[in-house]
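Remarks on the structure that follows.
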Amino acid sequence: MKLALVTHAEHPELRDTMPDLWPEFMSHDLVVSTFWPRLYEVYPDFQLWAVDRDERATAAYACTLPVHWDGIPEPRGIDWAMSNGVTGEPTTLCAIVAGVAPEYRGTGLSSAILRRMTQLAAAHGLDCLIAPVRPTWKERYPLTPMDSYLRWRREDGFLYDPWLRTHERVGAEVLEEAPRSLTVSGSREEWEEWTGLQFPEDGDYVVPGGLVPVRFESGHGTYVEPNVWMRHPLPLD
């Protein structure tokens, strides 16, 4: 297997060659849905593709964004990066998302992508890489507060969550929670379409892929997703 990491500027034809890896409702965050189409046109040098040259297949992708960051982790996470973060002179590279096709997971590709992100930041004269990380296994524990989940560690001392742990292994440090990284609001009918579930009355509901429950009030559902801010130093060379 020969994997190559390339930018969207180098290979724009790779757009839309990855399967959808995320819950449907996540595409309905208003900030993300408004800004996302601009990523590849405005910042093509900051979007990555991993290509399997043997199979001629796209193995993974990653999206990053140059932001103006004052060193204080923002509670709104991804929503901040795609709105307030892009105003002013860029100082820092912010990782927005990374997705690996199922058949390429466990190959070390995720770590390679994170290292490539730090190289991108250095190449563009930015000071570090930050990321509002979406913990992979938090969806298994949607009722556990994020601050508690962040304290879970394995016997070897590394973080319990595999995606947080991958960041940690390549040198990232946990800064703090981003309690309102994404916000998705919709009617009961919209949520039923997005999830395939029914929500017959107001209250909190666990939905597939959700890191926390969706809260329904007066027939309107709101999902506020917490992420975890992490900071990567740049390579010394």
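Assorted remarks:
- Index of the failed condition, Leu236 passing every other in (1) among the aliphatic types (A, V, I, L, M); (2) in contact with a strand residue (DSSP E or B) (Cβ under 9 Å, 6 or more places away or on another chain); (3) farther than 27 Å from Ser33 by Cβ: (2)
- In region 1-32, residue most open to solvent (accessible area, probe 1.4 Å) [restricted to those that are assigned to a helix (DSSP H, G or I) and under 30 Å from His220 (Cβ atoms)]: Leu30
- Tallying residues that are out of contact with any Asp or Glu (no Cβ under 8 Å at 6 or more places or on another chain) and open to solvent by 40 Å² or more (accessible area, probe 1.4 Å) within region 194-207 yields 7.
- Within region 1-17, residues that are free of Cβ contacts under 8 Å to residues at least 12 places away in the same chain reach partners that are surrounded by 14 or more Cβ atoms within 10 Å (Cβ to Cβ) and assigned to a strand (DSSP E or B) with beta carbons closer than 9 Å, at six or more positions or on different chains, in the pairs Glu10/Trp49.
- The conditions of being under 30 Å from Gly71 (Cα atoms), crowded, with 20+ Cβ neighbours inside 10 Å and in contact with a strand residue (DSSP E or B) (Cβ under 9 Å, 6 or more places away or on another chain) are met by Pro226.
- If you go through region 112-163 and pick out every residue that is without any contact (Cβ under 8 Å) to a residue 40 or more places away in the chain and under 26 Å from Gly209 (Cβ atoms), you end up with 18.
- The sole residue among Arg76, Arg53, Arg105 that is touching a residue at least 40 places away in the same chain (Cβ under 8 Å) and over 24 Å from Ala9 (Cα atoms) is Arg76.
- One residue alone among Thr183, Thr166, Thr195 is in contact (Cβ under 8 Å) with a residue 12 or more places away in the chain, under 24 Å from Trp80 (Cα atoms) and touching a Phe, Trp or Tyr at 6+ places or on another chain (Cβ under 8 Å), and that residue is Thr183.
- Here region 47-103 is the region considered, the condition is being in a loop (DSSP other than H, G, I, E, B) and of a type in the set (A, V, I, L, M, F, W, C), and the residue that is modelled with the lowest pLDDT is Ala101.
- Residue match in region 33-47 (condition: of a type in the set (D, E, K, R), within 27 Å of Gly196 (Cβ to Cβ) and surrounded by fewer than 15 Cβ atoms within 10 Å (Cβ to Cβ)): no
- Selection status of Asp156, over 29 Å from Thr91 (Cα atoms), open to solvent by 60 Å² or more (accessible area, probe 1.4 Å) and assigned to a loop (DSSP other than H, G, I, E, B): yes
- Qualifying residue in region 209-219 (condition: over 27 Å from Thr91 (Cβ atoms), among the polar types (S, T, N, Q), open to solvent by 40 Å² or more (accessible area, probe 1.4 Å) and out of contact with any Phe, Trp or Tyr (no Cβ under 7 Å at 6 or more places or on another chain)): yes
- Residue list for region 33-44, restricted to those being outside any loop (DSSP other than H, G, I, E, B) and within 18 Å of the chain's Cα centre (by Cα): Ser33, Thr34, Phe35, Trp36, Pro37, Arg38, Leu39, Tyr40, Pro44
- Selection of region 108-135 for residues being loosely packed, with under 15 Cβ neighbours inside 10 Å and not in a helix (DSSP H, G or I) yields Gly108, His124, Gly125.
The values are calculated or read from the model by the stated rules, or taken from the named source; none is laboratory data. Remember, predicted model here, so these are calculated numbers, not experimental data. With ideal geometry, Cβ positions are generated from the backbone for all residues, glycine too; neighbour counts draw on all protein chains shown. For the accessible areas, the whole protein counts, side chains as well, though only heavy atoms, and no ligand, DNA or RNA atoms are used. Shrake-Rupley method; radii C 1.70, N 1.55, O 1.52, S 1.80 Å.
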